[in-house]
Amino acid sequence: MWSSEAVPVARRAVLVAGCLTLAGCTLRPLLHATNDAGVRGELEAISIVGLDDRLGQLVRNALLDELNPTGVEVPTRYILDVDLDRSAQALGIQVDNTITRFNLRLNARFQLLDPKNGQVLYESNVQRVASYNVSLQPYATLAAEIDAERRLAREVGDNIGTLLAVHFAQQATPT
C-alpha cells in the first residue's frame, strides 16, 4: 500500500513527467499561429471572389472579419475562390404533412489560387447545418430562415479562415 507521503510525491512525479513531455512537443496552438505576423500577413493578402448573392455576401463579410479584421490594405498575393451550395431539408413533419422544422445545409468548396498563374495552392470543403422552426406566421418563419443563414455564413467563414490559417502555419513551420 502507498503511504500518505508517497501519494503527493507520485503525483508530483507524474506532473513533472507530463510537463517535460509537453515541453519537447512541437505543438503550436492555432491562436498563436493566427497572431503570428507571418500567418496574419498571408491571410490579409487574400482577395475573395465568387460570392455574389446575398448569402455569398454574408459569407464574404465573415471571411473579411476572419482574414483581415483590421481592414488593412495589402497587395493581393492570393485569390480565394468560394463556391456555395445551399440546400434545405424538411426535418419536422407532422401527421398532416405540415413541416415544422427545416435544416439548412451550406456547403462551401474553396480554392486558394496563385493570381499569377491560377495554380491551386490549397483547396478544401466546409459544410455546416443550421435549423429553424416553421411558424404559422410567414414573417416569423422568414426571419428564422434568415437568422439561420446568418449563423451558417458566420460558421462557414470562421471555418474557412481557420483552415487557411492552419495551411499558412504549416507552410511556415519547417519540416
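The values are calculated or read from the model by the stated rules, or taken from the named source; none is laboratory data. All of these numbers come straight from a predicted model, not from anything done at the bench. Methodologically, a virtual Cβ is constructed for each residue, glycine included, from the backbone with ideal geometry; neighbour enumeration extends over all protein chains shown.
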For segment 118-130, state whether one or more residues are in a loop (DSSP other than H, G, I, E, B) and either within 17 Å of VAL156 (Cβ to Cβ) or within 25 Å of the chain's Cα centre (by Cα) (or both). yes
Can you name the residue in segment 29-48 that is at pLDDT below 85 and in contact with a helix residue (DSSP H, G or I) (Cβ under 6 Å, 6 or more places away or on another chain) and, of all such residues, is surrounded by the fewest Cβ atoms within 10 Å (Cβ to Cβ)? GLY38
Can you find even one residue in segment 91-105 that is within 14 Å of the chain's Cα centre (by Cα), closer than 14 Å to ALA153 by Cα and buried (at least 17 other Cβ atoms within 10 Å of the Cβ)? no
Conditions: (1) outside any helix (DSSP H, G or I); (2) at pLDDT 90 or above; (3) surrounded by 15 or more Cβ atoms within 10 Å (Cβ to Cβ). LEU51 meets all but one. Number of the miss? (2)
Can you pull out the residues in segment 93-145 that are of a type in the set (Asp, Glu) and under 26 Å from VAL59 (Cβ atoms)? ASP114, GLU123, GLU145
When you look at THR100, is it touching a residue at least 12 places away in the same chain (Cβ under 8 Å), β-branched (Val, Ile, Thr) and either out of contact with any Asp or Glu (no Cβ under 8 Å at 6 or more places or on another chain) or assigned to a strand (DSSP E or B) (or both), yes or no? yes
Condition check: among the aliphatic types (A, V, I, L, M), part of a strand (DSSP E or B) and either touching a residue at least 40 places away in the same chain (Cβ under 8 Å) or surrounded by 12 or more Cβ atoms within 10 Å (Cβ to Cβ) (or both). Does ALA140 satisfy that? no
Does segment 118-128 contain at least one residue that is surrounded by 17 or more Cβ atoms within 10 Å (Cβ to Cβ), touching a residue at least 12 places away in the same chain (Cβ under 8 Å) and not aliphatic (A, V, I, L, M)? yes
Restrict the check to segment 65-75 and report whether at least one residue is assigned to a helix (DSSP H, G or I) and buried (at least 16 other Cβ atoms within 10 Å of the Cβ). yes
Return the residues of segment 39-53 that are without any contact (Cβ under 8 Å) to a residue 40 or more places away in the chain and not aliphatic (A, V, I, L, M); say none if nothing qualifies. ARG40, GLY41, GLU44, GLY50, ASP52, ASP53
